[in-house]
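K.L.:
Please read through the structure below; I'll follow up with questions.
Just so you know, all these numbers are worked out from the coordinates, no wet-lab data involved. Treat the numbers as computed from the prediction; the structure is a model and nothing was measured. Counting neighbours? That spans all protein chains shown, and the Cβs are built from the backbone with ideal geometry, glycine included.
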Amino acid sequence: MVKFEFILIPYVLDVVLLGSSCHSGKESRIQLGTSSTLANAIWYAQSTTGKRSALARPMDDWWEHRTSYRWYLSHRPSVGLIRLTVRQGASILVDSGDLYDTSYAGGRLGVFVYDQPDVIWSGLKAECAERVNQALMLDGVDDFVTLPSIKDLSIDASFTLETWIYLENGAPSSDMPILCSSDGNLCFSVQNKITNCSLGGTTLSAGSSLVETAWNHIAMRYDAQNLELSVFINGTLDGSQTDVSSVDWDNSTVLYIGRNNDTAFLEAILDEVRVWGLALLDSEIQDHLELPYLHRQNHKRLLDAHFSMDNEEDGDTTLLDQGIYGHDGTIEGSALFVSSSLDAGRFELTYPDAKKRKKRELSRYHEEL
């Protein structure tokens with residue numbers, strides 16, 4: 001029997017990094033350093049406080065001596081996806097499943113063996129895959145998306161609307177609709193870089209401006225029980241107003257992305273549009289800023305619509321809902337699906353003190369190490 005470790009290590013020491021303990025098929029976090037505690041943390045399967053915390057454990061088997069295994073590690077930083085599979089011939093021995101973590105924006109790839117001599121690595125190959133993160137670009141002229149009705153989306157009482165928005169340099173100063181109802185009773189908009197939330201006859205404006213040529217996370221929340229309307233900028237509460245009455249919605253009233261009930265349209269780029277039929281907690285809105293995935297929320301049937309923009313192509317007329325309810329939208333005009341840099345924006349907001357590293361291109365193939 002042989003025991004292996006598989007670790008992905010950035011160049012900067014003394015920082016949290018990703019590791020995978022393949023003798024138990026787990027994905028882990030490891031604190032890099034030099035000590036016997038670290039050595040034990042790498043070697044043993046259990047979590048070690050301050051050194052490694054196991055997130056998944058799909059397999060407990062040990063590896064056999066003089067047996068060849070093929071390891072596949074996929075990392076898609078643009079959406080935070082990490083997946084490890086290990087095969088012996090045609091058999092899959094380890095499959096971590098899709099794991100998501102946006103704190104790893106990249107790094108260098110290599111192999112490392114700890115306290116196990118005579119391990120031979122061969123056929124090490126690394127290649128860059130195409131980015132899978134897209135966003136929706138609206139031209140401000142006639143591009144918009146028609147979503148199902150307010151009642152079908154279950155936002156006729158309490159609700160939360162959230163999205164990431166990217167304003168180009170010199171964006172129009174007019175009131176531009178982001179998510180608005182067809183009757184004008186609800187509108188989440190931006191005017192001169194100020195985020196506005198309107199419900200019924202009440203309008204609430206954020207206290208801080210959005211930043212141009214950068215990704216901004218914004219959210220509009222209405223708590224029907226407490227009659228409170230709130231606006232969030234980059235995960236932080238930026239304004240609230242009480243005594244805001246709810247609206248008696250008509251069955252035919254629909255929700256638009258990128259237009260209002262008049263002739264105003266949005267000139268901006270949107271990504272990760274999410275519609276919730278409940279008033280999210282402040283902490284949940286902050287958490288969602290950091291999450292590229294919402295599996296738990298979908299499983300609990302909390303998310304009423306989720307538009308990631310990642311499964312469409314230019315010319316498509318349907319905006320796919322990635323949630324469980326199938327609340328797809330109809331694309332009008334000539335909206336474009338463009339490559340999204342949201343992963344970088346999310347990383348910068350989540351880790352504002354992180355240092356940027358010089359990007360290098362890796363294109364090498366080693367037959368034998």
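K.L.:
How large is the charge dipole for segment 134-340, taken about the Cα centre, if only the Cβ atoms of Lys, Arg (+1) and Asp, Glu (-1) carry charge, to the nearest 20 debye?
P.N.:
The calculation lands at about 500 debye.
K.L.:
What's the extension gain from R83 to V132 if we count 0.36 nm per residue and subtract their Cα-Cα distance?
P.N.:
Value of the extension gain: 16.1 nm.
K.L.:
Using 0.36 nm times the number of residues separating D328 and T213, minus their current alpha carbon distance, what extension gain do you get?
P.N.:
Working: separation 115, 0.36 × 115 = 41.40 nm, distance 2.87 nm.
That pair, D328 and T213, stretches by 38.5 nm at full extension.
K.L.:
Label points 7 Å out from Cα along the Cβ direction at T67 and A157: separation in nm?
P.N.:
5.6 nm
K.L.:
Got a sec? Charge dipole of segment 134-340, +1 on Cβ for Lys and Arg, -1 for Asp and Glu; which of A171, G315, I285 is way out at the positive end?
P.N.:
In segment 134-340, that residue is I285.
K.L.:
A further question on this structure: How would you rank T213, T203, going from fewest to most other Cβ atoms within 10 Å of each one's own Cβ?
P.N.:
Ascending Cβ contact count within 10 Å gives the list T213, T203.
K.L.:
In nanometres, what is the gap between the two model label sites at A344 and I92, each 7 Å from Cα along Cα-to-Cβ?
P.N.:
3.4 nm
K.L.:
What's the center-to-center distance, using Cα atoms, between segment 64-97 and segment 154-194 in Å?
P.N.:
Cα centres, segment 64-97 to segment 154-194: 43 Å.
K.L.:
Something else now. Counting only Cα, what are the radius of gyration and maximum Cα-Cα distance Dmax of segment 109-240, in Å?
P.N.:
So, for segment 109-240, Rg and Dmax equal 22.1, 74 Å respectively.
K.L.:
Still on this structure, please answer the following. Based on the Cα gyration tensor of segment 134-340, what are the three equivalent ellipsoid semi-axes, each the root of five times an eigenvalue, rounded to whole Å and given largest first?
P.N.:
Working through the eigenvalues yields semi-axes of 22, 19, 18 Å.
K.L.:
As a footprinting exposure proxy, order S340, S149 by other Cβ within 10 Å, with the fewest listed first.
P.N.:
S149, S340
K.L.:
Here is a further query. Separation between the D142 and T242 pseudo-spin-labels, each 7 Å from Cα along Cα→Cβ, expressed in nm?
P.N.:
According to this spin-label approximation, the distance is 4.8 nm.
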